[in-house]
Amino acid sequence: MQYTLLKFLTRLLSRLPWPALRRTAGFAAFCFWHLAPSRRREAIEAVRNHLKVPDEEAGRIARQSFRENFLSFLEILHTGRFYTEQSVRVVHHPEIKEALRREKAPIVIVTAHLGSWELMPGLAADIVPQRRGMVVVRSRRSRILNRVMAELRGARGMEAVDHRRASEIIVPGLREGGAVAFLADHNASRKEAVFLPFLEDTAAVNMGPASMALRTKAAVYPVFLLRDGEGGHILHFLPPLHTENLEGSIRERIRTVAAFYTDAVAGMVRMYPEQWLWMHRRWKTRPLSG
């Protein structure tokens, strides 16, 4: 019953045209900004400390990020119809996009909670055609919600994989020549993390994507879908890292790969700070002192 109701609601909301979706996100962000003062203060402080900007500018960026992020949360409803109603107006580094299509190695795509990340699964058929496409997602407490979100993310053929089962599914899939997408900017627990510089601080970086890329000799491609401010999108492709060419111990190589995608995320956040998830407690896990 709950599943049926939730599916009905998602179908109803998915019929909202893009302007209505943006207005809905703006209203939700306005309410959250005013009704959650602790998260508002945390976001402003995070912007100020990690971008080194004045208080007024930090407040502006944080408030805009709330609007952008709530739109990102709602965009999952449009994942399956992305190409029918929206277009990517600009592609940065199209030669890298073509190199990705011709890539012989398994592919690990790393992205972030930046811009229209929930629409990325809708690009799978275009970015990695003729490959088994997988996306690693963090599960919610509600099994019904997880099921509905997995169906939405898989609307164009992408397979949603629970992060707790990632290794047992992703590694065989990559070894068969598949492609997997990770959000590489989550805070990570100490046992999952390697500590690396990130936006003027030290962050716990999930080493799972790095480990799986190394185990399968995958090529790691940073890809980001950003809004252009005019109703369209800019698709950024950054040069890849081919893990089969790396040298050193396994710990050294994991650190190299993790630093590669962490630096890619940091660079894009600096370019589009208003579109990143500043309300996320990114620096929660701290390195042990000494």
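The values are calculated or read from the model by the stated rules, or taken from the named source; none is laboratory data. Nothing here was measured: the structure is a model prediction, and the numbers come from that model. Cβ sites come from the backbone with ideal geometry, for glycine too, and all protein chains shown count toward neighbours.
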Review point. If you go through the stretch 168-190 one residue at a time, do you hit one that is free of Cβ contacts under 8 Å to residues at least 12 places away in the same chain, farther than 15 Å from residue 255 by Cβ and of a type outside the set (D, E, K, R)?
Key: yes
Exercise for review: Please indicate, with yes or no, whether at least one residue in the stretch 113-133 is modelled with pLDDT of 70 or more and of a type in the set (Val, Ile, Thr).
Suggested key: yes
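Yes/no per residue for (1) at pLDDT below 85; (2) surrounded by 15 or more Cβ atoms within 10 Å (Cβ to Cβ); (3) among the charged types (D, E, K, R); (4) within 23 Å of residue 232 (Cα to Cα):
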site	(1), (2), (3), (4)
1	yes, no, no, no
5	yes, no, no, no
8	yes, no, no, no
12	yes, no, no, no
16	yes, yes, no, yes
40	no, yes, yes, no
44	no, yes, no, no
Practice item. Output the residue which, of all residues in the stretch 248-276 that are outside any helix (DSSP H, G or I) and surrounded by fewer than 22 Cβ atoms within 10 Å (Cβ to Cβ), is nearest to the chain's Cα centre (by Cα). Key: 272
Practice item. Report whether or not residue 237 is crowded, with 21+ Cβ neighbours inside 10 Å, in contact with a Lys or Arg (Cβ under 9 Å, 6 or more places away or on another chain) and among the aromatic types (Phe, Trp, Tyr). Key: yes
